[in-house]
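For reference, the structure discussed in these notes is given below.
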Amino acid sequence: MLATWQIIILILLSFFSILDSISLNIGMQYPVIVGTIVGIIVGDIQLGLMIGATLQLMVLGVGTYGGASIPDFTSGAIVGTVFAHTTGNGLEFALALAVPVGILMVQLDVLARFTNTLFLHRTDKSIEQADSKKVAKNIVLGIIPWGLSRAIPIAIMLIFGQNVVDIIVNKMPDWLMGGLEVAGGLLPVVGIAVLLKYLPTTSYFPYLLVGFFFASYLETPMLGVAIIGLALAIIHFKQANQKVMQKNAGSQLNGNISEGEYEDGEYEE
């Protein structure tokens with residue numbers, strides 16, 4: 001069971017994380033960071049980092065543009081890490097909780113946006129009246145629907161959800177747990193696939209093969225693969241930069257020759 005102070009901090013963390021994603025942008029909106037913080041709070045930083053990093057893979061290449069709502073796996077990281085720790089289950093169980101929570105937050109995100117329009121219209125009216133104090137006041141009040149859209153459901157889950165989770169764990173059949181484990185293993189792949197779709201993969205396909213070779217056949221840890229990728233990126237950057245410099249030098253030389261021919265009058269009519 002969680003202590004009262006832990007529940008309070010986690011609720012405040014859920015409130016602050018959504019505000020960071022829409023205004024502050026200091027990194028508290030990412031599942032990997034929030035999952036690590038939750039792990040510190042509950043006393044299992046390794047579990048929190050694993051869950052947050054796995055959920056982070058699911059949102060790579062996904063962004064909210066034009067008012068669109070996307071699954072909030074940051075809130076999912078909070079719930080998944082907490083209940084995985086308190087029940088003693090692992091990563092697969094955490095993902096099985098985090099994914100539905102993230103999808104549920106899509107509906108609450110829409111509700112928060114709808115409620116926020118009240119303060120938006122008040123702000124527009126205050127601008128027309130040139131009342132800067134009311135403008136600032138309504139902008140600050142506008143953060144309340146956003147924060148509560150995450151804080152309230154997280155609070156309900158943390159305060160009343162333990163018994164429900166225990167029932168689910170004890171009554172869940174083996175075939176369902178097995179399916180959730182398979183789904184939990186596939187979900188990060190979906191995030192990687194979405195990211196590759198938006199990257200120039202065809203142009204850098206040899207690098208993809210190098211990374212696959214090291215990870216699959218040599219069983220190089222992910223940090224090692226990342227270091228290899230960084231080294232290849234530096235080499236590619238230097239080669240490309242050298243080609244650009246040579247091209248510019250050639251263009252400048254041709255320009256000087258043409259200019260000299262013109263000045264000497266050694267050009268053909």
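Here are a few things to note about the model shown:
- Test: residue in the range 176-190 that is assigned to a helix (DSSP H, G or I), open to solvent by 40 Å² or more (accessible area, probe 1.4 Å), within 28 Å of A77 (Cα to Cα) and at pLDDT 85 or above: no
- Selected residue (only one of T201, T220 is in contact with a helix residue (DSSP H, G or I) (Cβ under 7 Å, 6 or more places away or on another chain), modelled with pLDDT under 80 and surrounded by 10 or more Cβ atoms within 10 Å (Cβ to Cβ)): T201
- Among the residues listed as A130, A136, the single one being of a type in the set (G, A, S), surrounded by fewer than 17 Cβ atoms within 10 Å (Cβ to Cβ) and assigned to a helix (DSSP H, G or I): A136
- Residue that is most open to solvent (accessible area, probe 1.4 Å), among those in the range 24-45 that are of a type outside the set (V, I, T) and within 10 Å of T81 (Cα to Cα): D44
- Residue that is modelled with the highest pLDDT [pool: residues in the range 223-269 that are aromatic (F, W, Y) and surrounded by 10 or more Cβ atoms within 10 Å (Cβ to Cβ)]: F237
- The single condition among (1) modelled with pLDDT under 85; (2) under 30 Å from M50 (Cβ atoms); (3) touching a Ser or Thr at 6+ places or on another chain (Cβ under 6 Å) that V110 does not satisfy is (2).
- Of the residues making up the range 67-113, those that are among the charged types (D, E, K, R) and either without any contact (Cβ under 8 Å) to a residue 40 or more places away in the chain or surrounded by fewer than 24 Cβ atoms within 10 Å (Cβ to Cβ) (or both) are E92, D109, R113.
- When restricted to residues that are in contact with a helix residue (DSSP H, G or I) (Cβ under 9 Å, 6 or more places away or on another chain) and modelled with pLDDT under 75, the range 65-90 contains 3.
- Residues located in the range 82-122, provided they are more than 15 Å from R150 (Cβ to Cβ) and among the β-branched types (V, I, T): T86, T87, V99, T117
- Residue within the range 116-127 that is surrounded by 14 or more Cβ atoms within 10 Å (Cβ to Cβ), in contact (Cβ under 8 Å) with a residue 40 or more places away in the chain and within 25 Å of the chain's Cα centre (by Cα) present: no
- Residue within the range 221-243 that is under 24 Å from M58 (Cβ atoms), not in a helix (DSSP H, G or I) and not aliphatic (A, V, I, L, M) present: yes
The values are calculated or read from the model by the stated rules, or taken from the named source; none is laboratory data. The model shown is predicted, which means the values in this text are computed figures rather than measured ones. Reconstructed Cβ throughout: ideal geometry from the backbone, glycine too, with neighbour counts over all protein chains shown. Side chains included, ligands, DNA and RNA excluded: accessible areas come from the protein's heavy atoms. Shrake-Rupley method; radii C 1.70, N 1.55, O 1.52, S 1.80 Å.
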